[in-house]
1. Of these, Val114, Val98, which one is surrounded by fewer than 24 Cβ atoms within 10 Å (Cβ to Cβ) and in a helix (DSSP H, G or I)?
2. Only one of Ala85, Ala123 is over 30 Å from Thr5 (Cα atoms), crowded, with 18+ Cβ neighbours inside 10 Å and of a type in the set (Gly, Ala, Ser). Can you tell me which?
3. In the set Phe287, Phe270, which member is closer than 24 Å to Arg127 by Cβ and touching a helix residue (DSSP H, G or I) at 6+ places or on another chain (Cβ under 8 Å)?
4. Going through the stretch 31-47 one residue at a time, which ones are in contact with a Pro (Cβ under 7 Å, 6 or more places away or on another chain) and without any contact (Cβ under 8 Å) to a residue 24 or more places away in the chain?
5. Within the stretch 169-188, can one find any residue that is among the polar types (S, T, N, Q) and assigned to a loop (DSSP other than H, G, I, E, B)?
6. Residues being within 16 Å of the ligand (Cβ to nearest atom) and more than 24 Å from Met112 (Cβ to Cβ): count how many of those fall in the stretch 257-279.
7. Kindly list, by first and then second residue, each pair from a residue in the stretch 158-177 that is modelled with pLDDT under 95 to a residue that is surrounded by fewer than 24 Cβ atoms within 10 Å (Cβ to Cβ), limited to pairs with Cβ atoms under 9 Å and residues at least 6 apart or on different chains.
8. Between a first residue in the stretch 3-30 that is at positive phi and crowded, with 19+ Cβ neighbours inside 10 Å and a second residue that is at pLDDT 95 or above and assigned to a strand (DSSP E or B), which pairs have beta carbons less than 8 Å apart while being 6 or more apart in sequence or on different chains?
Amino acid sequence: MNDPTRAVTDAELETYDRDGVVVLRDICPLDWVDEFRVVLDGVFNRETDVGREGLVTGASRAGSRVDVAERVRQMMENHDVSTLATEPNRVPVGRNIVETDACSWHAGLRDMHVNGPLPPIVAALTRSERVNLYSDQLFMKEPGSSVRTPWHQDKPYWLLQGTKVAVCWVPVDEVTMESGVMGYVAGSHRWGKVFKPNDFVTLKGTFKLPGLSFDGLDELPAIDDHPEDFDIRRYEAGPGDVIVHHWMTLHGSLGNTSADRLRRAASVRFAGEDVTFYKRASSPEPFRNTVGLQDGDDLDGAERFPRVWPR
Ligand SMILES: O=C(O)CCC(=O)C(=O)O
């Protein structure tokens, strides 16, 4: 149950290298996905007072949790609605939870990242002899929540340096064009640019958090204004599938505008063999001030980044 159902093919490797994203169909055992869904639900539906404080302090040991739909509803009162991360002309209903770094406090979730099917997949795609877990982010878009995950690139958010960073996006529901399909700008991992990190609440805004610096970072291109200029791939996906992207690939998702489809997924982040710690000035990670490593240090030096491959 813990191994992938099959090996990554040469064609999939080639696609990942060329496009910076690849869809691996039917690669996770369904009984593993069933268990994963239960664990994710436990996180999404628990009673908690964890909020976005960690984003401000960087000292959280319980990650951060934001109901983006709730925040957008509040912001609609005094912001230009067209700048907010919603589908046009929609008022979000229900929840749109973004839960960051749950694997740092949830031992069961962490165990599924460490001992499940993802590590050998990442080792194959990044051609790495060794892989460490970095962190995770869990996404739940309730029907009608209509909040997009705006276009962004992961590199400016993370406390890492290197090239072999891969992200596994693992859906536990059927995700359709209407229920929050993921989109990727193919080839953008090779543009050589690092973009200002999006704040996830507006379509183009960046974080206004104390201590962060975006000096030297690039402005995000206006992808939604000129979609024809970009090679945008949207992939519907469901239980058993994993979409893997390179950390420099631009990506985002549409809002869940469906009437009755719940859309839950985990983004599990891994570091391959050339990756080291880096206290990145633009990183809003809620745990950024807790790691205790120096720039250039091996990730093995921190308990929160366990070695996951070889097993
Ligand atoms: O599920 C989503 O909407 C966004 C996922 C994401 O940004 C990621 O996998 O890094």
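1. Details: Val98 fails: in a helix (DSSP H, G or I).
Checking each option against the conditions leaves just Val114.
2. On the way: Ala123 fails: over 30 Å from Thr5 (Cα atoms).
That would be Ala85, the only listed residue that is over 30 Å from Thr5 (Cα atoms), crowded, with 18+ Cβ neighbours inside 10 Å and of a type in the set (Gly, Ala, Ser).
3. On the way: Phe287 fails: closer than 24 Å to Arg127 by Cβ.
From the options Phe287, Phe270, the qualifying one is Phe270.
4. Keep residues of the stretch 31-47 that are in contact with a Pro (Cβ under 7 Å, 6 or more places away or on another chain), which gives 32-33.
Residues satisfying the conditions do not exist here.
5. Going residue by residue through the stretch 169-188, those that are among the polar types (S, T, N, Q) are 176, 179, 188.
Filter again for assigned to a loop (DSSP other than H, G, I, E, B), leaving 176.
Checked against the condition, which is being among the polar types (S, T, N, Q) and assigned to a loop (DSSP other than H, G, I, E, B), the stretch 169-188 yields at least one hit.
6. We begin by selecting, within the stretch 257-279, every residue within 16 Å of the ligand (Cβ to nearest atom); these are 257-258, 261-271.
Filter once more, keeping what is more than 24 Å from Met112 (Cβ to Cβ): 257-258.
Summing the residues that are within 16 Å of the ligand (Cβ to nearest atom) and more than 24 Å from Met112 (Cβ to Cβ) in the stretch 257-279 gives 2.
7. none
8. Listed pairs, sorted by first residue: Gly20/Tyr184; Gly20/His245; Gly20/His246.
The values are calculated or read from the model by the stated rules, or taken from the named source; none is laboratory data. This structure is a prediction, so every number in the text was calculated from the model and none was measured. Reconstructed Cβ throughout: ideal geometry from the backbone, glycine too, with neighbour counts over all protein chains shown.
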